[in-house]
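What follows is one structure encoded as structure tokens, with my remarks underneath.
The values are calculated or read from the model by the stated rules, or taken from the named source; none is laboratory data. Bear in mind the structure is a predicted one, so any value in this text is a computation, not a measurement. Note that we place each Cβ from the backbone using ideal geometry, even for glycine, and neighbour counts take in every protein chain shown.
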Amino acid sequence: MKASSTSRRLLALVGAALLAVPLAACTSAEDGAAGDDPVTGASVAIAGPQSGDPYYLQVACGARAAGEKLGMDVGDLQAPQNQNQAQLTTIVQNLLTSSPKALIYTPADPVAGALPVQNAIADGVTVIDVDAKLEDESVYDSFVASDHYEGAKEITAYLADLVGGEGQIAAIGSLATNPITQARIAGFEDALKDYPDIEVVSVEYPEISADIIQANAAATLVKYPDLKAIYTTNYLNSTGASVALRNAGLVGDVKMVSWDAGEANVQLLQEGVLQATVAQQPYKMGELAIEQIAKSLRGESVDKTVAAPVSILTSEDVDTPEGEALWYKADCAG
Amino acid sequence: MTRTAPSSTTDLPPLTAPRGTPMDRVTRHPLFVVSSALIGLVVMFTIVNGWTFLSTPNIRNMALAGSIMLILAVGVTYVIITAGFDLSVGSVLVFSGVVSMIVMRGLGGEGWGTALVGLLVAVVCGCVLGYVNGFLVAYADLNPIIVTLGMFGAALGLAQVATGGQDLSGIPTVMAQFGLGRLVEVPWVVIIAAAVAVVAGVALHYTAFGRHTFAIGSNKEAAVRAGIPVRRHLASIYAISGLLAGLAGWLSLSVYGTTNIAGHSLDALNAATAAILGGASLFGGVGTIAGTVIGNAIPIVLANGLVIAGLQSFWQQVVTGVVLVVALYLDRLRRLRSSRRSGKNSAA
Amino acid sequence: MSATQAAETALSTRGVRVSYGHVQALRGVDFDCRPGEVTALIGDNGAGKSTLVKVLSGALAPDAGEVFVAGRPFHATAPTDAQAAGIETVWQDLALAPDLGPVENMFLGREVRRRGVLGALGFLDNKAMAAVALDEFAQLGVRVDARRGSVSEMSGGQRQGVAVARAVSWARNVVILDEPTAALGVVQTKGVLDMVRRVADRGLAVVLITHNMSDVLSVSDRIEVLRLGERVASYARADASLETLVAAMTGGTATPATTPDRNEGAE
């Protein structure tokens, strides 16, 4: 009998706590109405496709810094664990129920990602699509991203020059349905059209698992003993491929490039396993997104597409002050 | 036991089934189907890809690729034999690796002192998480799929909380050397995985602990009545699965140098596939470590062979799925045949 | 119990009461069985047989009354206590692990370990166990090849044989068999009954719970009849006939008849 009264009390506490949460959310939303400038106090929600990636954290960092300068109320990054659009859709729907003034959104899937924001604009929410482009352009006000296609061409040209303009190159992409992967591979392939003596011998899309990527890269190295370079589209692929290169004793002989400058790729650059990477500027993207939101809230015209700058970070300049500025930081200090 | 002298010599026990030819014994062996599948794949890929497929570097690649998964699969085999399931091994691997990495980075140092502390931390982490699973399954009587599914999410979430969401690097130098290092051309990681498999196999088939594991999976009530401490045993089985996931986490750190948080979400299913391909029954009571080793090798060989053959890796998942279904079907046929045989010959 | 009574019985109860809530399953039951004898426990549905079996096998502690093993008071909190006292029970579900073989099932929970360090680590002595098991099966006439196959591949009669052989080989005093022939055909039933006789001939007390009157009449030495939670009759085989037993079970009176021959009604 003692146990059941204790558990009843516990249930009551939990129930009260659960009720308190939406109440708190409601009250905080009300606070946004003060001031003449529609930007002041505007609530901005942020949703991304993967919680484990510092890249999307940087977008949120940049948005928060720029937003708070303007007096906005910018939320934390909300994301599922693994590029799961279904879970992300639920997250976005939850965010939209508290009626934010704007949503900064990176979908995991270009088509299905439009689902949760179909009616957002009609409901008065400014939607900024960041980084991964939604196919249905009518559901967002502005698209802010690096030009993955152009960035891919840029780093592929760098890679092609590294190998002297000739030889066999392989590519490792990740999710073949992901528009970013598609753009990065398309840029890679198109850039190499200018190098007739370079042959793209394989483009693989192994399952997103450390061991599987490693095994895939290793098998490719066995199949093409004359391989000169590997083009990878993200740090998971470059990490897996680096193990394969090390095991085969081909570090430095086979050149490798990748995307993004998180801790993994920075370390590979420092060790010389990775020759160069495309350093995006997710922080800047967050800032640019806020810029577009401010324009929208003030009734000014919004740019449909905004290109964020990218840089090439190489193993030579990774430790210079300019290089270090391009590293993706885990926290919002940078 | 009370026994008296045999009362008569006329009651010689007849056989339940005719012994058959040695060839029969081979084809009826439980591992026959999966071994044939593996051998068939190897032969096929050697024909299609040439001798590079069987070259030392390539075999070494395949062995390395399968090692960490094998360690997970061994633990999961034990769990499946008890008619349970462990969906959390990938997340436990990640979490143990994360905690281990944090501790090692905190200690600093590039030598084995730090590395071994990291190993201990990873193994203990895995064991503790595994025991939590086991406690909930054995003592609170909760469904293992639900419990380990919860742990799958919780462990991964905790790992992300601990790292702020980003992968950590910075293992001691000796660990990186160990991850790449070899003993007489065999990678250390492969040696460790093989040792784990051997110890697990011997324990499973030759000790009372292993015998009780089979008994619990075969008929839990019978095991209880036989005086086997079923709850304690079940909890320890899940603890073992977690412990091996922790070991795998540390090994993964030494190979990849990074915690790879996003890269292990499918591990539990791949491990279970290896065990089931190898003959473990989801109903419990049946399974072998040798079978798991072979079952683990099949997707690895497939992945490697398909890449070298030039087929898109998407096909690998299709073919693995087909092989799994065919293997299960043939195994079912074998069981039906054997029970029909015994039915015909029952005399008593 | 008097000293002479105590020495005679292997397992007895006096005044055992068990209630499930308001339902009185046993209302002061007396029960006796002797070494070397097959004692049948019979009664209609609801007479309390299964409850009494639970008490006898140590699975259930009575609310009141005493249980005696070889004349000494006995208190069980779990079936393992009963096993320690030399009482083994074969339940209707047999409690066999279907994926394991006859030898493994024989030694389930009581495996023989190797000597020395290996044994301390838990390594099994399969050869020793197989030798003992094969010997037991042979003695009891259980027709299985103990070396191969799992128990699930055997017929019902063979499985029964394995379960009974297990109980018999571990029992020191009493073997309790709960409806051993319920699921078996005629030929298999005869095999089991022959085995029951052999077990008693070894000096163990066998308690046979059954619905089947012909089994009772063919193999038992004594018959204890339960009705509505009490023992209403206790017969020596010679004094029992189908009519008297049924009458005792249902509470009617038997039409007096001449004492039947020992084997009447059995085959």
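A compact table of results
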read-out: Residue that is farthest from the other protein chains (Cβ to nearest Cβ), among those in the range A:239-251 that are in contact with a helix residue (DSSP H, G or I) (Cβ under 6 Å, 6 or more places away or on another chain) and not β-branched (Val, Ile, Thr); value: A:241
read-out: All positions within the range A:111-120 that are part of a helix (DSSP H, G or I), surrounded by fewer than 22 Cβ atoms within 10 Å (Cβ to Cβ) and of a type outside the set (Gly, Ala, Ser); value: A:115
read-out: Some residue of the range A:83-100 being outside any helix (DSSP H, G or I) and of a type in the set (A, V, I, L, M, F, W, C); value: no
read-out: Number of the condition not met by residue C:140 [criteria: (1) touching a residue at least 12 places away in the same chain (Cβ under 8 Å); (2) at the interface with another protein chain (Cβ under 8 Å from one of its Cβ atoms); (3) closer than 24 Å to residue C:186 by Cα]; value: (2)
read-out: Of all residues making up the range A:319-334, the number that are under 15 Å from residue A:278 (Cβ atoms), modelled with pLDDT of 85 or more and assigned to a loop (DSSP other than H, G, I, E, B); value: 2
read-out: The range C:98-137 - residue that is out of contact with any Lys or Arg (no Cβ under 9 Å at 6 or more places or on another chain), assigned to a loop (DSSP other than H, G, I, E, B) and touching a residue at least 24 places away in the same chain (Cβ under 8 Å) and, of those, nearest to the other protein chains (Cβ to nearest Cβ); value: C:99
read-out: Matching residues in the range A:41-80 - criterion: being among the aliphatic types (A, V, I, L, M) and facing chain B (nearest Cβ under 10 Å); value: A:57, A:77, A:79
read-out: Residue within the range C:107-119 that is within 14 Å of residue B:211 (Cα to Cα) and either among the polar types (S, T, N, Q) or touching a Ser or Thr at 6+ places or on another chain (Cβ under 7 Å) (or both) present; value: no
read-out: In the range B:53-92, residue nearest to residue B:254 (Cα to Cα) [restricted to those that are outside any helix (DSSP H, G or I) and within 11 Å of another protein chain (Cβ to nearest Cβ)]; value: B:55
read-out: Subset tally (residues that are within 14 Å of chain C (Cβ to nearest Cβ), of a type in the set (A, V, I, L, M, F, W, C) and surrounded by 23 or more Cβ atoms within 10 Å (Cβ to Cβ)) for the range B:261-284; value: 1
read-out: Selection from the range B:276-329 of residues that are under 30 Å from residue B:212 (Cα atoms) and free of Cβ contacts under 8 Å to residues at least 12 places away in the same chain; value: B:325, B:329
read-out: Looking only at the range C:159-189, and only at residues there that are modelled with pLDDT under 85 and within 10 Å of chain B (Cβ to nearest Cβ), the one that is surrounded by the most Cβ atoms within 10 Å (Cβ to Cβ); value: C:188
read-out: Count of the range B:123-148 residues which are in contact (Cβ under 8 Å) with a residue 12 or more places away in the chain, touching a Leu at 6+ places or on another chain (Cβ under 7 Å) and surrounded by 16 or more Cβ atoms within 10 Å (Cβ to Cβ); value: 9
read-out: Index of the failed condition, residue C:218 passing every other in (1) farther than 16 Å from residue C:49 by Cβ; (2) within 13 Å of another protein chain (Cβ to nearest Cβ); (3) free of Cβ contacts under 8 Å to residues at least 60 places away in the same chain; value: (2)
read-out: Top-ranked residue of the range B:159-191 - restricted to ones that are under 23 Å from residue B:110 (Cβ atoms) and small (Gly, Ala, Ser), ranked as nearest to the other protein chains (Cβ to nearest Cβ); value: B:169
read-out: Members of the range A:245-258 that are at pLDDT 95 or above and more than 18 Å from residue A:167 (Cβ to Cβ); value: A:258
read-out: Residue in the range A:192-203 that is away from chain B (no Cβ under 14 Å), in a loop (DSSP other than H, G, I, E, B), touching a residue at least 12 places away in the same chain (Cβ under 8 Å) and over 30 Å from residue A:111 (Cβ atoms) present; value: yes
read-out: Conditions (1) without any contact (Cβ under 8 Å) to a residue 40 or more places away in the chain; (2) under 27 Å from residue A:53 (Cα atoms); (3) at the interface with another protein chain (Cβ under 10 Å from one of its Cβ atoms); number of the one not met by residue A:222; value: (2)
read-out: Some residue of the range B:202-211 being surrounded by 22 or more Cβ atoms within 10 Å (Cβ to Cβ), within 8 Å of another protein chain (Cβ to nearest Cβ), without any contact (Cβ under 8 Å) to a residue 40 or more places away in the chain and assigned to a helix (DSSP H, G or I); value: yes
read-out: The range B:227-244 residues that are on the phi > 0 side of the Ramachandran plot, paired with ones that are part of a helix (DSSP H, G or I) (beta carbon under 9 Å, 6 or more apart); value: B:227/C:79; B:227/C:80; B:227/C:83
read-out: Check on residue B:287, of a type outside the set (D, E, K, R), closer than 26 Å to residue B:46 by Cα and within 14 Å of chain C (Cβ to nearest Cβ); value: no
read-out: Residues that are more than 8 Å from every other protein chain (Cβ to nearest Cβ), touching a residue at least 40 places away in the same chain (Cβ under 8 Å) and part of a loop (DSSP other than H, G, I, E, B), drawn from the range C:75-93; value: C:85, C:86, C:92
read-out: Filter pass, residue A:212 being within 11 Å of chain B (Cβ to nearest Cβ), surrounded by fewer than 24 Cβ atoms within 10 Å (Cβ to Cβ), of a type in the set (A, V, I, L, M, F, W, C) and closer than 15 Å to residue B:64 by Cα; value: yes
read-out: Filtered residues of the range A:300-318 (kept if under 22 Å from the mean Cα position of the chain (by Cα) and either among the acidic types (Asp, Glu) or in a strand (DSSP E or B) (or both)); value: A:303, A:305, A:306, A:307, A:308, A:311, A:312, A:313, A:314
read-out: Unmet criterion (only one of (1) without any contact (Cβ under 8 Å) to a residue 12 or more places away in the chain; (2) surrounded by 18 or more Cβ atoms within 10 Å (Cβ to Cβ)) for residue C:45; value: (2)
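Let's see how each residue does on (1) within 14 Å of another protein chain (Cβ to nearest Cβ); (2) in contact with a helix residue (DSSP H, G or I) (Cβ under 8 Å, 6 or more places away or on another chain); (3) among the charged types (D, E, K, R); (4) buried (at least 23 other Cβ atoms within 10 Å of the Cβ):
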| residue | (1), (2), (3), (4) |
| --- | --- |
| A:109 | no, yes, yes, no |
| A:145 | no, yes, no, yes |
| A:149 | no, yes, no, no |
| A:152 | no, yes, no, yes |
| A:166 | no, no, yes, no |
| A:176 | yes, yes, no, no |
| A:189 | no, no, yes, no |
